[in-house]
Structure formats: C-alpha cells, structure tokens
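Asker: Okay, handing you the structure first.
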Amino acid sequence: IREGLAEQQDEDNDLGMLVRAILDMLSAKVMEAGAEVTSDFASAPIVTCNRPYLNSVLLNLISNSLKYRDNQRPPRIHVSSSAKGNLTELTVSDNGRGIDMDAHGHKLFGLHKT
C-alpha cells in the first residue's frame, strides 16, 4: 500500500466531497454515537495533494474522534480548512477524551505509529 501511495500524483481534492464520503462510510458509527459532525471549507475548499493519503488521514482522524469519544456526552467533530499564504491548513477537532501529549505527543503522525 505504501508503494501505491508514493506513486500517486498530487491532484485537486474537494474537501467537502471527501469528508461527505468518509461520513457515508462511517454513518453507522456516527449514528450509534449520536455524533454531530460539522465542517467549514469556505476559505479553502480545494487542497492539492495525494488523494489516497489525504483520505486515509481524514478517515483516521474522524474515526478516532468517534472511537475515543467521551462517553459522558455526544461527540462533536468539526473539520475545517483555512488558507495560510500558499498553503492550506486542515483542522479536525473534537470534544473527546483527549491525549496525554507528554506521554504520547512524540508518536503523533510518526512513521509506523498509531
């Protein structure tokens, strides 16, 4: 899989369409959790990058927001983008349990880290 991702070319990706497709895949989990998922891509609706990689990152972040939710309240997940010069910043936030950054922060987005 990793080799296949490396061979893919960057392309324009509609963030709204990608997130909707991911939410369709996760619809049973979203409904079961009673999650509220919102998005705002108004300032940067398109991002140019490797589509399978972006899809994988978004799928993991959104599914982790559901998996590690706080069971005392319904999950709220917000996905947004903003233009930062010639770059696009993508943000996924939630009201889940959080992560102990001192203990696990060095593992975030590391190669072969989950």
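Readers should treat all values here as calculations from the given coordinates under stated rules, not as data from a laboratory. Fair warning: this is a prediction, and the values are worked out from it, not measured in the lab. Neighbour counts run over all protein chains shown; Cβ positions are idealised from the backbone, glycine included.
Asker: Subtracting the Cα-Cα distance from 0.36 nm times the residue separation, let me have the gained length for M101 to E32 in nm, one decimal.
Answerer: Values: separation 69, 0.36 × 69 = 24.84 nm, distance 2.84 nm.
The M101-E32 span can extend by a further 22.0 nm.
Asker: Right, another one. Want the number for Q9 to D40: 0.36 nm per residue separation, take away the alpha-carbon distance, what's left?
Answerer: Taking 0.36 nm per residue and subtracting the Cα distance, the gain is 8.6 nm.
Asker: A follow-up question, please. At R0 = 22 Å, how high is the FRET efficiency between L87 and M25 if r is their beta carbon distance? Nearest 0.05 is fine.
Answerer: So the FRET efficiency works out to roughly 0.20.
Asker: Okay, next question. Of A28, I46, G16, which is farthest on the positive side of the dipole of region 5-71, counting Cα position, with +1 on Lys and Arg Cβ, -1 on Asp and Glu Cβ, and the Cα centre as origin?
Answerer: A28
Asker: Kindly express, to the nearest 10 degrees and within the range 0 to 90, the angle between helix 15-25's C-alpha long axis and the longest C-alpha principal axis of the chain.
Answerer: Helix 15-25 sits roughly 50 degrees off the main axis of the chain.
Asker: In Å, the Kirkwood hydrodynamic radius of the chain over pairs of distinct alpha carbons?
Answerer: About 15.3 Å, per the Kirkwood formula over Cα pairs.
Asker: How do 76-89, 53-66 rank on mean C-beta neighbours within 10 Å, highest first? Spell out each step's value before the answer.
Answerer: Values: 76-89: 14.4, 53-66: 17.0.
Packing order, densest peptide first, comes out as 53-66, 76-89.
Asker: Would you mind calculating the relative contact order of the chain from Cα pairs under 8 angstrom and at least 6 residues apart, reporting the percent as a whole number?
Answerer: The value is 26 percent.
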